[in-house]
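Below is one structure; the comments refer to it alone.
Just so you know, all these numbers are worked out from the coordinates, no wet-lab data involved. A quick note: this is a predicted structure, and the numbers were derived from the prediction, not measured. In this analysis, Cβ positions are derived from the backbone assuming ideal geometry, glycine residues included, and neighbour counts consider all displayed protein chains.
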C-alpha cells in the first residue's frame, strides 16, 4: 500500500514536472519567435533604407523581398506623404532629400521609412503591407 502511494505521488510529481517543462519550452519558442521578428524587421528597414538611397524609382524586379513586403498600398497615405515631401525645403530637383540622402519617390512608399525631419512617421497598418505590387 505504501509503495502504491509512493508511486502515485511520484506520478503526480512527474506530471507536474512534465507540465513545467512544456511551459518552459513554449516560453522559449515564444521568445525565439519575438527575437526572429525583431531581426527580420530590422533587416527589412536596413534593406529599405539602402534601396531608397541607391535607387531613384521602384523596380519590382530588383527590389529585395523584405522591401517588397513593406511597400504601402494605401494611395491616400502615399499622396499625403508625397505632398509633404514635394513641398519640403530639403527636397532637391532630383527628388533626393538633403537630410537623409534618400530618393523620396522611393522612400515615401516604404512602410518602415520616416521623414528625417518628422513630417511623417512609419506606416503601421499590417493589413495593407502583404502584397507585392504598387498602386501607382
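Tell me, 81, 61, 114 in order of fewest to most beta-carbon neighbours within 10 Å?
Details: 81 22, 61 4, 114 16.
Ordered by Cβ neighbours within 10 Å, fewest first: 61, 114, 81.
What translational diffusion coefficient, in µm²/s and rounded to a whole number, does the Stokes-Einstein relation yield for the chain at 37 °C and a viscosity of 0.692 mPa s, taking the hydrodynamic radius as the Kirkwood radius over Cα pairs?
Values: Rh = 18.0 Å.
Rounded to a whole number, D works out at 183 µm²/s.
How tilted is helix 75-86 with respect to the longest principal axis of the chain? Cα atoms for both, answer in degrees (0 to 90, nearest 10).
Roughly 50 degrees, rounded to the nearest 10.
Computed FRET efficiency, Cβ-Cβ of residue 54 and residue 99, R0 22 Å: what is it to the nearest 0.05? Provide the component values of the computation, followed by the final result.
Details: r = 17 Å, r/R0 = 0.77.
Efficiency computed from Cβ-Cβ geometry: 0.85.
Can you figure out the FRET efficiency of residue 69 with residue 27, using R₀ = 25 Å and their beta-carbon distance, to the nearest 0.05?
0.35
Provide 71, 117 in ascending order of the number of other Cβ atoms located within 10 Å of each residue's Cβ, fewest first. Numbers along the way, then the final one.
Working: 71 24, 117 13.
Lowest count first: 117, 71.
Based on DSSP H runs of at least 4 residues, each adding -39500 (n - 2.57), what is the mean residue ellipticity at 222 nm of the chain after dividing by all its residues, to the nearest 500 deg cm²/dmol?
On the way: 4 runs with 73 residues, N = 136.
It lands at -18000 deg cm²/dmol.
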